[in-house]
């Protein structure tokens, strides 16, 4: 138990720290390290001594205070608290930590409860086993190093004297005065820019980016309300989920003095409405302006489709946010904007609203979770060639000891992928099954990091475990490739052979499409061969660009996932390259099984698969044998092609013929014929949808086009296999 006098000292320290936080409009951090019971009793006493009721405890469930577990932490988003307790004795989830501490407002306090800091790296709380593939302790070592380096963090180890509380040296800068309802000039400029999208030229989208707490979503709400007041009849809002747009609706409701009802807000006959991205695309909703919030968390294919459909659109996204860095969005989607809508505008909000500049908690999050990791600009690299670069295996311990190298590596990963979250940093440092390859410029050019590849070591299971995976009874974490081959394709050896899976590959944006990715992959494949691995593979959201890239690197698709990835919005493609004799045998088996799956799944569950991706995958199947059509089947096809036999009555024979034709003879068909054959015959999309996608005036012209395609395919059948009936 805590001595009464000692407890009073802790309460006084916490109150003094809170007073200091209020004076500077900062968020302060008090670290209580020691035994779990001691940390929790001090934290509860501090919570009881604070007058404000809006406290929250993250960790184990408690009955004596408002509490959530790590897995429930995202439910707090959109709320605010003056005091937050994060209990790392229950486990440390970097994603949950990064999310939930953002609910602390300026002048608030974070109580971080930890084991003794020297023992924390080796500690496993109840949640830690669930959160990590392995625990080397390196991530916690890195986190505690950054914690100690952050100015304004106060440490209270159990059994040691209380620290002296000195004022922060940072000077708080006052924001420039602005007129209500705006809180910063940045916010006012954002609202004015949104008005310009509504009133100016079409096809001039606006992209608003900011770090967390800059009032981005509130600016969207202010602008939406003002547009309704100025005569707009309908403003639509979309985001990854309804919860993400609560600040938009709250701000608009305050300005208009109305109530929010479900997913909409009505004011004098005008409406502000939320619609989920997929529902928005599936419908034909009209709007005066579309607001897309947290765009970095929406798959790029959906963003591109929204951009194509709506001529007045605003994209907004957090760049260094808890939900995964948006730098990939800032770099990659903006490249698409340059190509499609070169007149697009960008606006970045810098001035924080919910706290002041140099906020200690924001500094800690940026450094300890690498939320602000950026790609360094390369100078004087015009003459650099891929073969001049060195590819080497770097250890996780080296990254722990070289923070600048870690940030350079992580910055590259952030730039190349839409979602790079704090848990990715944890896996990078802790996962013992991960091999890290860096590509660096020569020493005379500064040995700068220009490429990175993360390779997961998979498989190598014994026969008993492989059988359990095949039966669907076991799903070992971190073995996606091995599990897919064995559980999905039914190949027992998939889990037994040793594989290397490319989890991520990133090339510096200034050096892309110049052969540097090929150089990095080639070096890693050689290393995998030297390690006597059997298979080299990757899994990714299937696009034509990525499928071409991996095929160029010697990896062939063997399976397409039936569900869509949440990150890319695309079906996951598994590509493989054999590295041994056993790997070659398994590869051929996987290709054959994957082909069977693909050709039988177009109607369901691949009915909505992107047309260009589907046609490319069909071309890559190579030499599909002739369909096993009986003479009566051929007669049915003949009567459909040259006479008036019904389409539905011929589908049983038309589907295998279409598969054979699209695999072996796409070049003999034009693009519109391939599209129609795929959509109507293989994917069995509704007639109305095919009419919209094709250049047809009605059902009869569409059926006529199918008859002509069938004639072409029948003409391609070899005469020595099928005797074509005469035209009657």
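Whole Å is fine, so just give me how far the alpha carbon centre of the range 631-680 lies from that of the range 47-124. Using only Cα atoms to place each centre, the spacing works out to 62 Å.
Using only the alpha-carbon atoms of the range 631-716 as identical scatterers, what base-10 log of I(q)/I(0) does the Debye formula give at q = 0.13, 0.17, 0.19, 0.25 Å⁻¹? Scattering profile of the range 631-716, log10 relative to I(0): -0.35, -0.62, -0.79, -1.40. Counting only DSSP H runs of at least 4 residues, each contributing -39500 (n - 2.57), and dividing by the residue count of the chain, the helix-based mean residue ellipticity at 222 nm comes to -11500 deg cm²/dmol. Rounded to two decimals, the Cα-based Rg/Rh of the chain, with Kirkwood Rh, is 1.02. Normalised by the number of residues in the range 4-157, what is the relative contact order in percent for Cα pairs under 8 Å and 6+ residues apart? So the answer I get is 30 percent.
With a/c under 1.5 counting as rounded, go ahead and sort the range 566-699 into rounded, prolate or oblate using the C-alpha gyration tensor (a ≥ b ≥ c being the square roots of the eigenvalues; past the cut-off, prolate if a/b is larger than b/c, else oblate). Because a/c hits 1.5 or more and a/b fails to exceed b/c, the range 566-699 counts as oblate.
Protection proxy ranking for 676-685, 524-533, using the average of other Cβ atoms within 10 Å per residue and placing the highest first: 676-685, 524-533.
Quick one: helix 403-416 against the long Cα principal axis of the chain, what's the angle to the nearest 10°, folded into 0 to 90? Once rounded, one gets 40 degrees. Binning the alpha carbon pair distances of the range 225-350 at 10 angstrom intervals from zero yields the distribution 12, 43, 35, 10, 0, expressed in whole percent. Based on alpha-carbon centroids, what's the gap between the range 420-471 and the range 558-623 in Å, whole number please? Cα centroid to Cα centroid, the span is 24 Å.
Between the alpha-carbon centres of the range 184-245 and the range 339-368 there is a gap of 16 Å. For the peptides 10-17, 481-488, 556-563, the ranking by mean Cβ contacts within 10 Å, running from highest to lowest, is 481-488, 556-563, 10-17. Backbone N atoms of the range 473-494 closer than 20 Å to the 7 Å Cα→Cβ label point of residue 464 belong to residues 473-477, 483, 487, 492-494. Working from Cα pairs under 8 Å separated by at least six residues, relative contact order for the chain is 9 percent. Over the range 572-728, Cα pairs under 8 Å with separation of 6+ residues give a relative contact order of 26 percent.
When each of 696, 274 is scored by the number of other beta-carbon atoms lying within 10 Å, the sequence from fewest to most is 696, 274.
Values in this text are rule-based calculations from the coordinates and carry no lab data. This is a predicted model, so every value here is computed, not measured. All Cβ positions, glycine included, derive from the backbone under ideal geometry; neighbour counts span all protein chains shown.
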